[in-house]
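K.L.:
Okay, here's the structure, questions in a sec.
What follows draws every value from the coordinates through simple rules; no lab data is involved. These figures come from a predicted structure and were not determined experimentally. Reconstructed Cβ throughout: ideal geometry from the backbone, glycine too, with neighbour counts over all protein chains shown.
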Amino acid sequence: MNARENLLRTIRHDCPEWVPNGLESVVMIGAPVVERPSGAGKDSWGVRWDYESGAEGGTYPAEGGHTVTDLHEWRLQARVPDVDAMDWAAVREQAGQIDRSEQLLCGFVEFGLFERSYLLLGMDTALVSYLTEPDVMVEMVSAIADYKIRLIERFDDEVNLDMVWYGDDWGTQQNLFMPPEVWRDAIGVHTRRVYDCMKKRGIIINQHSCGWIEGVFQDMVEMGADVWNPCQPCNDLAALKREYHGRIAFWGGIDSQFVLDRPGVTPAEVRAEVRRRIDELAADGGYIAGPSHGVPYDQELIDAMNDEIATYGRAFFAETSEGNNAVV
C-alpha cells in the first residue's frame, strides 16, 4: 500500500496501515487569485494588506484597508474577482507534473465566507452587522459563496481535483465568533452550497477552521466535511471522536500552544503528546497526525514528533489488528 492509498483509507475509515504524518502524498496548488498577498498591497478583491517581517504569515489586513465602507452599498463597493478572466495555464502545468497514481491533488481555497466578509467590511463592522443587519449580510455572504463555487468548479474543470483545502476560521479559543444560530443562518447555509458543489464532483472536503468550533461541529459533519483541520485542543477532541466516529477525519491535534511551543518542553513530552492524540483519535482510521497550528518549532521537537508519529503510528494499527484498540 502506498502513501496515497493509506491516506485515502484513513479518510474513509477503511483500515489504514499507519497514521499519516500530515497530508502524505498530497500536492497542494493554489488558484490564480490573490486572496492574501505575499507582501504589502491589495488582494484580488481590492482589500489592502500590510506586511510585518517576522510575523506569522507576514501580511495582515491593513487598518482601514477594507473596501466596503457602507454595508448597504456592498454590491457597488465589493470587487468580486472574475474567475473566467484568470490565467489558469500555470495551474495546469503544475498539475501535469503530478503522478496521480502516487499523489492526490489538493486545491488550496482560502478565506471562506466569514473570513472574506470581515476582510471586506473590517472585523468590528462585520461582527456587529451579523447581529444588526442579518439580511444584508446574508446577501453578501451568498454572493461570496457564488464566487467560491465558480472558483472551485473552474479549478476542478482545469485539473480534476482530488481534494480541496477550504479555509474559514469560525472560532476563538473560547467560543464561536457569533452565536450558533447566526452562523447557521448566514455562514452555514451557504457553506453547505459550497460543500454540495464539491460533493457533486467527488472532491474530498478538507475543512480548515481554527479555534473552538464545537458549537457548529455537528453542522459541519452533517453538511459533508470529510476532514477537519487543525483540530485545536481547545475543543474536546476525544469526545468529538467518540460522537462522530467514522463520519469525519481529524487532521492535527498535537498541541502547539501548550506542548510544541511551550518554553522548556522536552522531546519526551512531545512524544507523549503524539501518543495521546493517536490513542484518542486514530481508532479505525480517521486520524492524520500533525500540529494544531503551523508555527515554527524547534527542530529537535519536530524530529521527536515525526519519529513518534512514524513509530507509534504504525505500532498502533499493528495492535489494532490484534483487537487491542478501541475508541477511547
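K.L.:
Once Lys and Arg get +1 and Asp and Glu get -1 on their Cβ, which of 167, 85, 131 lies farthest toward the positive end of the dipole of segment 13-229?
P.N.:
Of the listed residues, the answer is 85.
K.L.:
Sorted from fewest to most neighbouring beta carbons within 10 Å, what does the list 14, 84, 255 look like?
P.N.:
Going from sparsest to densest Cβ surroundings: 84, 14, 255.
K.L.:
With both bridge residues required to lie in the chain, what share of the DSSP beta bridges run antiparallel, to the nearest 5%?
P.N.:
So the antiparallel bridges amount to about 20 percent of the total.
K.L.:
Within straight cross-link reach of residue 200, meaning Cα distance under 22 Å, which lysines are found once same-chain residues fewer than 8 apart are removed?
P.N.:
Hits, sequence-local ones excluded: 148.
K.L.:
State, as an integer percentage, the relative contact order of segment 79-222 based on alpha-carbon contacts under 8 Å between residues 6 or more apart.
P.N.:
Value for segment 79-222: 30 percent.
K.L.:
Right, something else. Given an 8 Å cut-off on Cα distances and at least 6 residues of separation, report the relative contact order of the chain as a percent. Spell out each step's value before the answer.
P.N.:
Working: 580 pairs, mean separation 64.0, N = 328.
It comes to 20 percent, rounded to a whole number.
K.L.:
Let me ask something else. Excluding residue 115 itself, calculate the net charge of residues whose Cβ lies under 13 Å from the Cβ of residue 115, where each Lys or Arg counts +1 and each Asp or Glu counts -1. Working shown, then result.
P.N.:
Details: positive: 36, 116, 148; negative: 35, 43, 110, 168, 169.
My count for the surroundings of residue 115 gives -2.
K.L.:
Moving to a separate point now. Could you check the simple spin-label distance between residue 222 and residue 87, using points 7 Å along Cα→Cβ, in nm with one decimal?
P.N.:
4.6
K.L.:
If you don't mind, there's one more thing I want to ask. Evaluate the distance, in nm, between pseudo-label points positioned 7 Å from the Cα of residue 295 and of residue 55 along their respective Cα→Cβ axes.
P.N.:
That separation, rounded to one decimal, is 1.5 nm.
K.L.:
If we count other beta carbons within 10 Å of each Cβ, what is the order of 28, 220, fewest first? Please report the intermediate quantities before stating the final value.
P.N.:
Details: 28 15, 220 21.
Fewest-to-most Cβ neighbours within 10 Å comes out as 28, 220.
K.L.:
When a footprinting reagent is the concern and you count Cβ atoms within 10 Å, what order do 157, 226 take, fewest first?
P.N.:
In order of increasing Cβ crowding within 10 Å: 157, 226.
K.L.:
Can you tell me how much longer the chain between residue 123 and residue 236 gets when fully stretched, taken as 0.36 nm per residue apart minus their C-alpha distance, in nm with one decimal?
P.N.:
Working: separation 113, 0.36 × 113 = 40.68 nm, distance 2.72 nm.
Contour length minus Cα-Cα distance gives 38.0 nm.
K.L.:
Work out which GluC sites (Glu not before Pro) in the chain are exposed loop sites (DSSP not H, G, I, E or B, at most 11 other Cβ within 10 Å) and give the longest gap free of them.
P.N.:
That gives 64-321 as the longest site-free run.
K.L.:
Mind giving me the FRET efficiency for residue 199 and residue 133? R0 is 30 Å, r the Cβ-Cβ distance, nearest 0.05 is fine. It would help to have the intermediate numbers written out before the result.
P.N.:
Details: r = 31 Å, r/R0 = 1.04.
After rounding, the FRET efficiency stands at 0.45.
K.L.:
Okay, next question. Please state the charge dipole magnitude for the chain, taken about the Cα centre, from unit charges on C-beta atoms (+1 on K and R, -1 on D and E), reported in debye and rounded to the nearest 20.
P.N.:
Rounded to the nearest 20 debye, it is 520 debye.
K.L.:
Amide H of residue 249: which non-local residues (sequence gap of 5 or more, or other chain) have their own amide H closer than 5 Å, using H built in the peptide plane?
P.N.:
227, 228
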